[in-house]
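Notes for the one structure printed next.
The values are calculated or read from the model by the stated rules, or taken from the named source; none is laboratory data. Keep in mind the model is a prediction, meaning the values are calculated, not measured. Cβ placement follows ideal geometry from the backbone for every residue including glycine, while neighbour counts extend to all protein chains displayed. Quick note on the areas: whole protein, heavy atoms, side chains included, nothing else; ligands and nucleic acids left out. Shrake-Rupley method; radii C 1.70, N 1.55, O 1.52, S 1.80 Å.
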Amino acid sequence: MTPRVRFAPSPTGDLHVGGGRTALFNWLFARQTGGTFILRIEDTDGARNTEEAQRGIVKGLRWLGLDWDEGPEVGGPHGPYFQSQRKAIYDAYLAKLEAAGRVYTEENGAVRFKFSRTAITVHDLVCGDVTFAPTEEPDMTIRRPDGSYIFHFVNVVDDIEMRMTHVFRGEDHLSNTWKHIDLFHALGATPPTYAHIPLILNPDGSKMSKRDAGSAIEHSYIHEGFLPDAVFNYLAMLGWTPRADKEVLTREELAKLFNPADIHSANARFDLQKCQWFNAQFLRALSPEALLNASLPFLTSAGLVIGDEAMAAAAVYSVKEKVSLLKEIPAWVHYFFREDYPFETDVMEKLKAKPENANLLKAAQTALGQAAEWSESSVHGAIEAAAKDAGVKTGALMPLLRAALSGQSRGPNVATIAHLVGQESTLRRIDRTLSEALG
Ligand code: GLU
């Protein structure tokens, strides 16, 4: 049987790390087995579900690249994929339970499901066999007096109707899984194979919630300048260790390696630093064009105007080793796109510290002005020659030029900066430094 799996979020808030990781494990399993990945919106709780939350979830999933084969926006043969639109189906299933003598109605109109009160074993792919003793809980309400259905019932009905073969979901659902299995049996259906995946804990060991740092996909990752591939890679490893000799892996590699048997049964520790490390690895592997593309929203919101795209791509590429998040890029490259860049305080102090700095910069300016061609190596050669003529080391002249061309004390090679901003701008920048900082 071709596997069919689903991600079934309740739209009560934006997509967070736990939900993203649950969706991702289902997706990996579907892609690795050639199965079908379904998105089902569990929006039966009218009071707590919002359209906005649902849009946020869809946006987060799309950003992570977790495309679904059936569900909202794409349709499919088992729709509608919103529980709020499936009432007739639930009514029909309730009638089946009635016919089987497994429900009764209370005076207030609530409908209760009669538990079988037998021992029930969950054969879980991650947790192993978990046996629940016959329950002593009161029978379970499955329909409220107002006619709305409760989660356990609609969740099971939809897993039957949508022909789910496997269910990967958070371990917090394990304690209720016997109720689901009881319902499957009462409805004459075979339960799917369950895989309850470990919870995600904060670094301090507390259970990660929607409010914790690093939790919200949109706010903590999209807005902070993470790359989807990096977050994907990191989330995949929250509770699973692929059998591979490296950690940085593409979606395709992860899908190939995925094996539910390797999912950890112990809880996973969330580590934002590690996620940033993944991000740095992925950033460094991008082409100049791809890096520029990914950085654009951040450059634009920093007010930088990109004129020459090839130059802009080379500029961001020149600082890729310095950053781990896209949002850090504007501070490293802003001066490529403007000539009125500020001078950092200590840079200004260093420039002013020695009276001969002005002469050294003038000598460099003359040499650079005479350069017949403008490449990184000719720029470098001109600076070396100017240093030699002035009787100082190249290493002494470079920081002055870096300060003049960028206003900063750190950055890519000075020759790279000069080459990218061009000869005219280089000479103008030295002029400005001489008059503003040293005048
Ligand atoms: N709507 C449930 C949740 O968001 C889904 C549980 C399940 O995957 O079965 O937790």
- SER215: passes all of (1) open to solvent by less than 40 Å² (accessible area, probe 1.4 Å); (2) modelled with pLDDT of 95 or more; (3) not hydrophobic (A, V, I, L, M, F, W, C) but (2)
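List the helices (runs of 4 or more DSSP H) that sit entirely inside region 13-113 and contain at least 1 residues that are out of contact with any Gly (no Cβ under 7 Å at 6 or more places or on another chain), open to solvent by 10 Å² or more (accessible area, probe 1.4 Å) and at pLDDT below 95.
Per the criteria, 51-64.
For region 354-367, indicate whether the set of residues that are of a type in the set (A, V, I, L, M) and out of contact with any Leu (no Cβ under 8 Å at 6 or more places or on another chain) is non-empty.
First, pick out the residues of region 354-367 that are of a type in the set (A, V, I, L, M): 358, 360-361, 363-364, 367.
Next, from what is left, pick out any that are out of contact with any Leu (no Cβ under 8 Å at 6 or more places or on another chain): 363, 367.
Yes, the conditions are met somewhere in region 354-367.
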- If we ask which residues in region 143-157 are near the ligand (Cβ under 9 Å from one of its atoms) and charged (D, E, K, R), their number turns out to be 0
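Which residues, counting only those in region 163-177, are within 22 Å of the chain's Cα centre (by Cα) and near the ligand (Cβ under 9 Å from one of its atoms)? Write out each step before concluding.
Step one: list which residues in region 163-177 are within 22 Å of the chain's Cα centre (by Cα), which gives 168-171.
Listed by number, the residues that qualify are PHE168, ARG169, GLY170.
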- Message: Quick check on region 399-413: of everything there that is open to solvent by 10 Å² or more (accessible area, probe 1.4 Å) and over 34 Å from the mean Cα position of the chain (by Cα), which residue is nearest to VAL319 (Cα to Cα)?
- Response: ARG402
- Check on ASP129, touching a strand residue (DSSP E or B) at 6+ places or on another chain (Cβ under 9 Å), of a type outside the set (Val, Ile, Thr) and within 16 Å of the ligand (Cβ to nearest atom): no
- Item | Unmet criterion (only one of (1) out of contact with any Lys or Arg (no Cβ under 7 Å at 6 or more places or on another chain); (2) crowded, with 20+ Cβ neighbours inside 10 Å; (3) within 25 Å of LYS207 (Cα to Cα)) for ARG6 | (1)
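Determine which member of the set ALA244, ALA195, ALA186 is over 25 Å from ASP262 (Cβ atoms) and either more than 16 Å from the ligand (Cβ to nearest atom) or in contact with a strand residue (DSSP E or B) (Cβ under 7 Å, 6 or more places away or on another chain) (or both). Quick ask: steps written out before the conclusion?
Working: ALA244 fails: over 25 Å from ASP262 (Cβ atoms); ALA195 fails: over 25 Å from ASP262 (Cβ atoms).
Sole residue among the options that is over 25 Å from ASP262 (Cβ atoms) and either more than 16 Å from the ligand (Cβ to nearest atom) or in contact with a strand residue (DSSP E or B) (Cβ under 7 Å, 6 or more places away or on another chain) (or both): ALA186.
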- Message: For region 328-341, check the following and say yes or no: at least one residue is in a loop (DSSP other than H, G, I, E, B), of a type in the set (D, E, K, R) and open to solvent by less than 70 Å² (accessible area, probe 1.4 Å).
- Response: yes
